[in-house]
1. For the ranges 34-45, 49-60, 18-29, what's the packing order if you count other beta-carbon atoms within 10 Å of each residue, average per peptide, and put the highest first?
2. How big, in percent, is the set of alpha carbon pairs in the range 1-49 lying more than 13 Å apart?
3. Could you work out how far apart the two model spin labels at Tyr32 and Phe71 are, taking each label as a point 7 Å from the Cα in the direction of the beta carbon, and quote it in nm?
Amino acid sequence: MANQFKPLCPHCATRVRVRSCERITNTFTSLYCICSRCGATWGGSVEASHFINPPARGRDGRLLVPGNYDFNDQGLLVPTGADVQALRNRAAPAVDPRQLALEMPVPG
């Protein structure tokens, strides 16, 4: 069984149902949720901020980062040989200042 993303209600901390979602950009999605326990509804967002394991191929099938790759014990694609040091020295991606963090009140 695959893990599914299930947000928690900010009021009663119950797993909620995502009623609808709208993909704003390739990395940012707006969600609308409803709680079956307390009846709360609200909007939120999900953002993919960075890759843990970057894709080796683009959507068109072309190799994105040329080099030598192999799968590790967890099934992740990792660079091998001389490519390893070059990838480790790359700078982290910049944060988009136009996207605001979603802050919701914590039940007290």
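1. Most protected by this proxy first, the peptides run 34-45, 18-29, 49-60.
2. Here the tail beyond 13 Å accounts for 56 percent of pairs.
3. Each label point lies 7 Å from its Cα, and together they span 4.0 nm.
Since every read-out is calculated from the coordinates, none of them should be taken as a lab result. The structure presented is a predicted model; accordingly, all values stated were derived computationally and were not measured. We place every Cβ from the backbone using ideal geometry, glycine too, and count neighbours over all the protein chains shown.
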